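Novice: Below you will find the structure I want to go over with you.
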Amino acid sequence: MSALLRTKFTNHMTLRGFSPKTKEAYIGTVARLAGYFHKSPDRLSNDQIQAYLLHLINERKLAWSSVNVVFSGLRCFYSNVLKWDKTLFHIPPRSGQKKLPKLLSLEQVHRKLKATAYKKIN
C-alpha cells in the first residue's frame, strides 16, 4: 500500500475514533491483500478481493472471526478511502454452531460443594 493510501486510511480511522489496535489490524489487512496479488490495493477488482477472502477461508482455514476482521477492514478501506460506490465482496454468514456448556454430574456438584464447605467459627 502506498504511503498516501496508508495516510488517508489512517486519517479516516482516526477521525472515526477507531482504536489503535483496530487501525493496525485494518492497515495490515489491506497490506496483506496487496501483497497476495503483488498489486496496489486500488488496482484490484471485486473478484480478486473475493478470491482472497475465499483463500483465507478455504486454504488458510481462518476462523470466521478472523475473516470478519479482514472483511471489515477491506470494506472500510474500499468504501471510505477509495470511495467505491459498491463493494461486491462478501463473506458467508457465521455458522449457527455454538458450544454447549459443560454440565456437571450430581456427584461432581456434591464434591465441589463439599470441598468449599467451611466450619462456622463461634
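Novice: In whole Hz, what ³J(HN,Hα) sequence does the stretch 57-63 give by Karplus (6.51, -1.76, 1.60; θ = phi - 60°), x for Gly and Pro?
Specialist: Those phi angles translate into 6, 7, 9, 7, 6, 5, 5 Hz.
Novice: In percent, what relative contact order does the stretch 3-93 have, based on Cα pairs under 8 Å that are 6 or more apart in sequence? Present the calculation step by step, with values, prior to reporting the outcome.
Specialist: Values: 59 pairs, mean separation 30.5, N = 91.
Worked out over the stretch 3-93, it gives 34 percent.
Novice: Let me ask something else. Can you give the angle from 0 to 90° between the axis of helix 3-15 and the longest principal axis of the chain, with both taken from C-alpha atoms, to the nearest 10?
Specialist: Approximately 50 degrees, to the nearest ten.
Novice: Relative to the longest principal Cα axis of the chain, at what angle does helix 106-116 sit, 0 to 90 degrees, rounded to 10?
Specialist: Once rounded, one gets 80 degrees.
Novice: Here is a further query. List, largest first, the extents of the alpha carbons of the chain along their principal axes, each in whole Å.
Specialist: Projected onto the principal axes, the Cα atoms of the chain cover 75, 35, 24 Å.
Novice: Rounding to the nearest 10 and keeping the result within 0 to 90°, find how far the Cα-based axis of helix 20-37 lies from the longest principal axis of the chain.
Specialist: Between helix and principal axis, roughly 50 degrees.
Just so you know, all these numbers are worked out from the coordinates, no wet-lab data involved. Small disclaimer: the values here were computed from a predicted structure and weren't measured.
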